[in-house]
Structure formats: C-alpha cells, structure tokens
C-alpha cells in the first residue's frame, strides 16, 4: 500500500509530457505480452502484462492519466493479439456472439476524469473487433451504480468488500446468451472484475475476465 501511495504521488507531479515522450519512443514489440491466469474465489482472471515492468507502467499511466491515444493504440494492438486466439478458441465450442465490455466508471468519476481509459482502448481495436466479424463492443451494457472508494487505499479484504453490489446490467439484450469479455486496465486482487462479472452472469452471459496488467 505504501508503494501504491508513492506511485500515486509520482503520477500527480510527473509532467505529462515525460510519460508521453517515453511512450512515443516505444512500439508494440517493446511491451512484453505475458498472459497469466489468476484465481479469486473460484473465478479465473487473465492478465496480459506485468505492471512491475517499467514500459508497462508508462503504458498504463499514459493511458489513464494522460488520455494518450498513442498508448490506447498500443494497448489495443496487444489486446487484439490475445483476443484473436481466445475468440477462435471460444468459437470452437460455442456459436454465441462475442461481446467486449469495458469496466464502467461511476457517473461522478466519469465527469471528473472526462473519459474511460478502457473505452479508449476498445475504440482503438481493429475493425473486426467492432463490426461483428470477430466481436462487437457494448459500452453501455454494464453500469456502475454505486460510487466506491479508490481500491489502491484498501487492504485485500476491503477491496473485495468495496465493490460488492457496485455493478448492474443496464441492457440485458446486449449480453443475454452471449459470450462477454469483460476488460479492465489494472487489477491487483481481481475484486472489481469479479464483482462486475456477477450481474452479467446472472443476466445469462458467459463471461471471461481480462485486465491489461497485474499490479
């Protein structure tokens, strides 16, 4: 928690151009893609990158704090590499439509920040992930109905409790009888993804939980 608090201070004082400049010097090949499986309360969560890697940190922070379109495109290319194989595997056993859903921000948080960083990533995916060839995107299918405390300030137990009941399905038509890939930027315990996936499952969707990075 001390490390996370220190990183938050660094994020607040570091000039935006520093991260952006470093990101501009990197390409997809400079960001290690390392899909890793994690388990929380019997549920599987896949993370694609290790946040301890400095290039991954710059990618995530440039995306989250700088609203970097370049970082969003790099993240989208990495996500697409992973999703192509996963979608092909899913379609081997199921004919269900594939839907990509970003973890939503609460309306208050969205107004403060002005954007949802995972939506930026999904918008930067190649056309086949948006036009139904491989998948479609359903940004409004899931909503965050309750504002929650920042996860970085909480213990593992508190993180899990903090997001219980914080999400609901806004449009069941977009998710029922579909296979949903629910996507977040960074996960530590997996609590947000776990609880965001529950109402989707209750509404009749098969759900795969993905985070770009694991901290």
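The values are calculated or read from the model by the stated rules, or taken from the named source; none is laboratory data. Owing to the predicted nature of the structure, the values given are computational and were not obtained by experimental measurement. Heads up, the Cβs are rebuilt from the backbone with ideal geometry, glycines too, and the neighbour counts pull from every protein chain shown.
Quick notes
- Boolean, residue 147 is under 27 Å from residue 159 (Cα atoms), in contact with a helix residue (DSSP H, G or I) (Cβ under 7 Å, 6 or more places away or on another chain) and assigned to a loop (DSSP other than H, G, I, E, B): yes
- Flag: residue 142 does not match the condition of being buried (at least 16 other Cβ atoms within 10 Å of the Cβ), touching a strand residue (DSSP E or B) at 6+ places or on another chain (Cβ under 7 Å), at pLDDT below 95 and within 27 Å of residue 59 (Cα to Cα).
- Residue within region 19-28 that is at pLDDT 90 or above, surrounded by 12 or more Cβ atoms within 10 Å (Cβ to Cβ), touching a helix residue (DSSP H, G or I) at 6+ places or on another chain (Cβ under 6 Å) and part of a helix (DSSP H, G or I) present: yes
- Yes/no for residue 44 being modelled with pLDDT of 90 or more and in contact with a strand residue (DSSP E or B) (Cβ under 7 Å, 6 or more places away or on another chain): yes
- Screening region 61-78 for residues that are touching a strand residue (DSSP E or B) at 6+ places or on another chain (Cβ under 7 Å) and modelled with pLDDT of 95 or more and picking the one that is surrounded by the fewest Cβ atoms within 10 Å (Cβ to Cβ) gives 78.
- Annotation: of all residues in region 29-60 being part of a helix (DSSP H, G or I) and over 15 Å from the mean Cα position of the chain (by Cα), the one that is surrounded by the most Cβ atoms within 10 Å (Cβ to Cβ) is 58.
- Residue 183 vs. criteria over 18 Å from residue 40 (Cα atoms) and under 16 Å from the mean Cα position of the chain (by Cα): no
Quick grid of which residues meet (1) surrounded by 15 or more Cβ atoms within 10 Å (Cβ to Cβ); (2) assigned to a loop (DSSP other than H, G, I, E, B):
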| position | (1), (2) |
| --- | --- |
| 110 | no, no |
| 122 | yes, no |
| 125 | yes, yes |
| 158 | no, no |
| 182 | yes, no |
| 189 | yes, yes |
| 200 | yes, no |
| 209 | yes, no |
| 213 | yes, no |
